1. Please go through segment 197-212 and give me each residue that is in contact with a helix residue (DSSP H, G or I) (Cβ under 9 Å, 6 or more places away or on another chain) and in a strand (DSSP E or B), ordered by number.
2. Of the residues 90, 98, 111, 119, which single one is in contact with a helix residue (DSSP H, G or I) (Cβ under 7 Å, 6 or more places away or on another chain) and either in contact (Cβ under 8 Å) with a residue 12 or more places away in the chain or under 18 Å from residue 78 (Cα atoms) (or both)?
3. Suppose we filter segment 158-177 for residues that are in contact with a strand residue (DSSP E or B) (Cβ under 6 Å, 6 or more places away or on another chain) and either more than 20 Å from residue 189 (Cα to Cα) or not assigned by TED's automatic domain parsing to the domain that holds residue 190 (or both); how many remain?
4. Would you tally the residues in segment 208-220 being more than 20 Å from the chain's Cα centre (by Cα) and within 19 Å of residue 101 (Cβ to Cβ)?
5. Assess whether residue 155 counts as being touching a residue at least 24 places away in the same chain (Cβ under 8 Å), assigned by TED's automatic domain parsing to the domain that holds residue 214 and either more than 19 Å from residue 212 (Cα to Cα) or surrounded by 13 or more Cβ atoms within 10 Å (Cβ to Cβ) (or both).
6. Might you let me know whether segment 125-146 holds any residue that is buried (at least 17 other Cβ atoms within 10 Å of the Cβ), free of Cβ contacts under 8 Å to residues at least 40 places away in the same chain and within 23 Å of residue 223 (Cα to Cα)?
7. Hey, does segment 213-227 have a residue that's in contact (Cβ under 8 Å) with a residue 40 or more places away in the chain, on the phi > 0 side of the Ramachandran plot and in a strand (DSSP E or B)?
8. How many of the residues in segment 176-185 are surrounded by 13 or more Cβ atoms within 10 Å (Cβ to Cβ) and either more than 16 Å from the chain's Cα centre (by Cα) or outside any strand (DSSP E or B) (or both)?
C-alpha cells in the first residue's frame, strides 16, 4: 500500500513539473517583443476585411490638397484635390483610382492619374480592364503590362541616358521614392513622374509632353494647410 502511494506521489510531482515548464515557456512568448506583431500579422492574415497596413498611404485619407499647375491652351495655377476611389479591398492589398476634380481648360481624360494596385510596400500602376481585375482578384497575379511605380528598392533605367526609347527607373531617397518615365523617341514624347512618401502618400506628380506641352504638375500642400 505504501509503495502504491509512493508511486502516485512520484507521478504527481512529474506531471506538475511538466505543466510548470509549459506555462513558463508560454510566458516567455508573451515577453518576446515580437509577439504582438506576430499576433497582429496572423489576425490580419485571417481577417477577410483587409486591415493590412499601407506603408505609403494613410488608409483613412481619401482626398488631399495640392498646388497645381496646368499648361494647356493657357497656364492655370490653382489649388486642387487628388481623390482616391477604392475599387476593390483585397486580402493583401487594394485597387484604387487617383483622379482630379474637373478643372476648367483641362481635358476630362487627363483628370485620371491612373489605376493602382497597392500592396503593403509596393505600388503597381495597372490598366483597369475586367480581365485584369478578375486576374488579380482570383489569383493575385499581375497583368503583364503592370508597372512598379513605388517600392523600397531602386530600379535602374534599362537604357542609357542619351539612348532613344522608353525610359523608366525608380530612385530611393530616404522616406521618398521617385518613379520616372519618359519617351525620347520624339521631341514631344510623353513623360510621367511620381514621388511617394512613406506614411503620407503621393507628394509630387507631373506628366505631359516634351517642351512642357499639355503638362500637369502637382505638389502636396503641407499637413498643416490641409484643413
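1. At the first step, the residues of segment 197-212 found to be in contact with a helix residue (DSSP H, G or I) (Cβ under 9 Å, 6 or more places away or on another chain) are 200, 207.
Correct list: 207 only.
2. Numbers: 98 fails: in contact with a helix residue (DSSP H, G or I) (Cβ under 7 Å, 6 or more places away or on another chain); 111 fails: in contact with a helix residue (DSSP H, G or I) (Cβ under 7 Å, 6 or more places away or on another chain); 119 fails: in contact with a helix residue (DSSP H, G or I) (Cβ under 7 Å, 6 or more places away or on another chain).
Answer to the selection: 90.
3. First, pick out the residues of segment 158-177 that are in contact with a strand residue (DSSP E or B) (Cβ under 6 Å, 6 or more places away or on another chain): 159, 166-171, 175-177.
Add one more test, that the residue is either more than 20 Å from residue 189 (Cα to Cα) or not assigned by TED's automatic domain parsing to the domain that holds residue 190 (or both), and what stays is 171, 175-177.
Total satisfying the criteria: 4.
4. Kept after step one, since they are more than 20 Å from the chain's Cα centre (by Cα), are these residues of segment 208-220: 208-217.
When the remaining residues are screened for being within 19 Å of residue 101 (Cβ to Cβ), the result is 214-217.
Result for segment 208-220: 4.
5. Values: touching a residue at least 24 places away in the same chain (Cβ under 8 Å): no; assigned by TED's automatic domain parsing to the domain that holds residue 214: yes; either more than 19 Å from residue 212 (Cα to Cα) or surrounded by 13 or more Cβ atoms within 10 Å (Cβ to Cβ) (or both): yes.
No: the conditions fail for residue 155.
6. no
7. Let us first name the residues in segment 213-227 that are in contact (Cβ under 8 Å) with a residue 40 or more places away in the chain, namely 213-221, 225-226.
Still in the running and on the phi > 0 side of the Ramachandran plot: 214.
The next check asks that each one be in a strand (DSSP E or B); those that pass are 214.
There is at least one residue in segment 213-227 that is in contact (Cβ under 8 Å) with a residue 40 or more places away in the chain, on the phi > 0 side of the Ramachandran plot and in a strand (DSSP E or B).
8. First pass over segment 176-185, keeping only residues surrounded by 13 or more Cβ atoms within 10 Å (Cβ to Cβ): 176-184.
This time we only want the ones that are either more than 16 Å from the chain's Cα centre (by Cα) or outside any strand (DSSP E or B) (or both), so: 180-184.
Here the count works out to 5.
The values are calculated or read from the model by the stated rules, or taken from the named source; none is laboratory data. Please read these numbers as outputs of a predicted model, since none were measured by experiment. So basically every Cβ, Gly included, is an ideal-geometry build from the backbone, and we count neighbours across all protein chains shown.
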